[in-house]
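One structure below.
Read the figures in this text as sums done on the coordinates, not as results from a lab. The structure presented is a predicted model; accordingly, all values stated were derived computationally and were not measured. With ideal geometry, Cβ positions are generated from the backbone for all residues, glycine too; neighbour counts draw on all protein chains shown.
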Amino acid sequence: MFESYNANGKVQYSSRFPHPRLTLKATQTTVDAGYGSQAVGSLSKATFSYTATNPMPAFRVSSGGFTVTATVNTGGNNWTTEVLVSAGIGATVTMYLFDTTAPVPGAAGTARMESWDPSGNLIFALSMQPARIVGKTGSGSGNGFTGSPARRYAALMPTYHQRIAVNDTGNVGSPTRYTVNYYNTRISIDDAAGTVQSLQSNYRRFGNATNPGNSTYGSPRSIVFDVTNY
């Protein structure tokens, strides 16, 4: 068993636990989100398909904020994730996929340090690119992450957040008396400031509703990864 500690005596690494590593970096260009006149502002989307055992997909975009609208297991270790972007068609979305699959041993003649768990499974190698989790964001103003403008960050949305707000326009008897607004978390990454924020944003609006419903929502949070030079 191998373990390492920081200056404060806290465990930084232990062969008792799996350590997520970067297994895939993929880029997609966004296409029409398909919301039509219901879209609030400019919207587009990107879809990623990948194979992973315990996927931790983190994202960053070239412009606008983003939300992860769905991650679906399509069978076995195959997954699909859809990302909605607050920008027009043609925005660039980059996915950094972290997973707990075994790393590849270093090549002969290179610097090597490797570690195995008690069952003999390779779980760490110098050749792997480890998941550098540097912080998190919470809900509400002031609960974002602040790092360094010299670094680059991506965000993983571990929970889905949606709020449905029904508003009464006062037009009694009219089929357009009620408006329905859909809100989702929007992750906003500012490279110049070195910050990551989670905000609740309105993405979709229906012009009418004959059967208004209740509002439901979760907590808009994200995990922040340092992906500099990845």
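I want the local charge near Gly36. Using Cβ-Cβ distances under 15 Å, sum +1 for each Lys or Arg and -1 for each Asp or Glu among the other residues.
Details: positive: Lys45, Arg204, Arg205; negative: Asp32.
Net charge around Gly36: +2.
Local charge sum around Asn202 (other residues, Cβ-Cβ under 15 Å, Lys/Arg +1, Asp/Glu -1)? Working shown, then result.
Details: positive: Arg163, Arg186, Arg204, Arg205; negative: none.
That works out to +4.
A simple spin-label model places the labels of Gln38 and Gln200 2.0 nm from each other, with each point 7 Å out along Cα-to-Cβ.
Amide H to amide H, with H built 1.01 Å from N, Arg204 comes under 5 Å of Val40, Tyr182, counting only residues 5 or more places away or on other chains. For Arg177, the residues whose modelled amide H falls within less than 5 Å of its own, excluding neighbours fewer than 5 places apart on the same chain, are Ala209. Modelled this way, with points 7 Å down the Cα-to-C-beta line, the labels at Phe17 and Ser4 are 1.5 nm from one another.
By count of other Cβ within 10 Å, fewest leading, how are Leu122, Leu97, Leu22 ordered? Let's see the in-between values first.
Working: Leu122 15, Leu97 22, Leu22 19.
In order of increasing Cβ crowding within 10 Å: Leu122, Leu22, Leu97.
Here the gap between Asn167 and Thr179, fully extended at 0.36 nm per residue and compared with their Cα-Cα distance, gives a gain of 3.8 nm.
Computed FRET efficiency, Cβ-Cβ of Val72 and Thr228, R0 25 Å: what is it to the nearest 0.05?
Details: r = 30 Å, r/R0 = 1.20.
Using R0 = 25 Å, I get an efficiency of 0.25.
Apply the a/c threshold of 1.5 to the C-alpha gyration tensor of the stretch 1-112 and tell me whether it is rounded, prolate or oblate. Prolate is the answer for the stretch 1-112, as a/c is 1.5 or above and a/b outweighs b/c. Dipole magnitude for the stretch 3-135: computed about the Cα centre from +1 point charges on Lys and Arg Cβ and -1 point charges on Asp and Glu Cβ, it is near 240 debye. Neighbour counting of Cβ atoms within 10 Å sorts the residues Ser37, Ser62, fewest neighbours leading, into Ser37, Ser62. Sequentially through the stretch 194-204, phi angles give Karplus couplings (6.51, -1.76, 1.60; θ = phi - 60°) of x, 10, 9, 10, 10, 10, 8, 10, 7, 10, 9 Hz, Gly and Pro residues having no value and appearing as x.
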